[in-house]
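Structure, as structure tokens:
The values are calculated or read from the model by the stated rules, or taken from the named source; none is laboratory data. Only a predicted model underlies this, so the values are computations on that prediction, with no experimental measurement involved. With ideal geometry, Cβ positions are generated from the backbone for all residues, glycine too; neighbour counts draw on all protein chains shown. What goes into the accessible areas is simple: the full protein's heavy atoms, side chains included, and nothing from ligands, DNA or RNA. Shrake-Rupley method; radii C 1.70, N 1.55, O 1.52, S 1.80 Å.
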Amino acid sequence: MARQFAALGHDLVLCARRLERLEELRGEILATHPGRTVLVRALDVDDHEAVFRVVREVDEEVGGLDRVIVNAGIGKGAPVGTGRFDANKRTITTNLVSALAQCEAAMELFRDRDRGNLVVISSMSAMRGLPKTMTAYAASKAGIATIAEGIRAEMLGRPITVTTIYPGYIRSEMNEQVAQRTPLMSSTADGVRAMVKAIERGVDEAAVPPWPWRPLGVVLRHAPLRVIRRFA
């Protein structure tokens, strides 16, 4: 997303745990787009105090954030009741509680200036409760999508917009082990291009890539559980 947004002319603030990788990415972007501003900050979103502090600091440094994308997430998980509460708790904490912290930090800024675009990256797994290792993950992604919808409902008629993205299978470090056996997996570039396009259009919600995930979303919402269990 950083590469593609820079190519569209956007200045960037990039936050993640591994600062050395952000610095490398910053150098790559500036070499290709020397006119861009690219700030990088080390941030673990599970450190909620740091989330608020860093968001305020970078907002002041760049003269006001126009858009905040809540994208950090993990895919750990285990069937409920199999002794891995730790894995499920970590997934819920990072994907839901820490995502809420990022939404809170962004919305404080946007409410203060009465403008802004909050983008929340959910997942197609949010459409239904999923079994086995996907149960906590699906719940966390459904939870943050519901939070985003609640904020959107409150902001109707104001120049503060909320976009919820529901990605399908897009190749990433998080799914390297399943990438080779999932026929619906999109490449990173193609999948992210669909995400960026939806965000730039300012839609409320989007399943990405649109094919096949838009029609599959309808199937997921209405299919019987014996079909849903095959998705995990």
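In the stretch 108-118, how many are more than 15 Å from the chain's Cα centre (by Cα), at negative phi and open to solvent by less than 60 Å² (accessible area, probe 1.4 Å)?
Residues meeting the conditions: 2.
Please indicate, with yes or no, whether at least one residue in the stretch 80-96 is in contact with a helix residue (DSSP H, G or I) (Cβ under 7 Å, 6 or more places away or on another chain), of a type outside the set (Gly, Ala, Ser) and surrounded by fewer than 16 Cβ atoms within 10 Å (Cβ to Cβ).
yes
Results for (1) more than 27 Å from residue 147 (Cα to Cα); (2) without any contact (Cβ under 8 Å) to a residue 40 or more places away in the chain, shown as yes or no for each residue.
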| position | (1), (2) |
| --- | --- |
| 13 | no, no |
| 38 | yes, yes |
| 49 | no, yes |
| 52 | no, no |
| 60 | no, yes |
| 69 | no, no |
| 75 | no, no |
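Does residue 121 count as under 19 Å from residue 95 (Cβ atoms), surrounded by 13 or more Cβ atoms within 10 Å (Cβ to Cβ) and at pLDDT 95 or above?
Yes.
Name the residues in the stretch 41-65 that are in a helix (DSSP H, G or I) and open to solvent by 50 Å² or more (accessible area, probe 1.4 Å), would you?
The answer is 48, 49, 53, 56, 57, 60, 61, 62.
In the stretch 63-87, how many are at pLDDT 95 or above and either over 30 Å from residue 13 (Cβ atoms) or β-branched (Val, Ile, Thr) (or both)?
Within the stretch 63-87, residues that are at pLDDT 95 or above and either over 30 Å from residue 13 (Cβ atoms) or β-branched (Val, Ile, Thr) (or both) number 13.
Residue-by-condition table, conditions (1) farther than 27 Å from residue 201 by Cβ; (2) hydrophobic (A, V, I, L, M, F, W, C):
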| position | (1), (2) |
| --- | --- |
| 2 | no, yes |
| 10 | no, no |
| 18 | yes, no |
| 32 | no, no |
| 37 | no, no |
| 59 | no, no |
| 80 | yes, yes |
| 83 | yes, no |
| 109 | no, yes |
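Out of (1) touching a helix residue (DSSP H, G or I) at 6+ places or on another chain (Cβ under 6 Å); (2) more than 19 Å from residue 147 (Cβ to Cβ), what's the single condition that is false for residue 120?
So the condition that residue 120 fails would be (2).
Given the structure, is residue 105 surrounded by 15 or more Cβ atoms within 10 Å (Cβ to Cβ) and either assigned to a helix (DSSP H, G or I) or modelled with pLDDT under 95 (or both)?
Against the criterion (surrounded by 15 or more Cβ atoms within 10 Å (Cβ to Cβ) and either assigned to a helix (DSSP H, G or I) or modelled with pLDDT under 95 (or both)), residue 105 qualifies.
Mind listing just one residue for me: the one in the stretch 21-40 that is assigned to a helix (DSSP H, G or I) and of a type in the set (Val, Ile, Thr) and, of those, surrounded by the fewest Cβ atoms within 10 Å (Cβ to Cβ)?
Step by step, filter the stretch 21-40, then rank; the result is 32.
Hey, could you check the stretch 130-152 for residues that are of a type in the set (Gly, Ala, Ser) and under 20 Å from residue 86 (Cβ atoms) and say which is farthest from the chain's Cα centre (by Cα)?
Among those residues, the one meeting the criterion is 136.
Take the residues in the stretch 1-11 that are outside any loop (DSSP other than H, G, I, E, B) and touching a residue at least 40 places away in the same chain (Cβ under 8 Å); name whichever of them is least open to solvent (accessible area, probe 1.4 Å).
5
Just the residues that are β-branched (Val, Ile, Thr) and assigned to a helix (DSSP H, G or I), please, taken from the stretch 120-176.
Hits for the stretch 120-176 are 133, 135, 144, 146, 147, 151.
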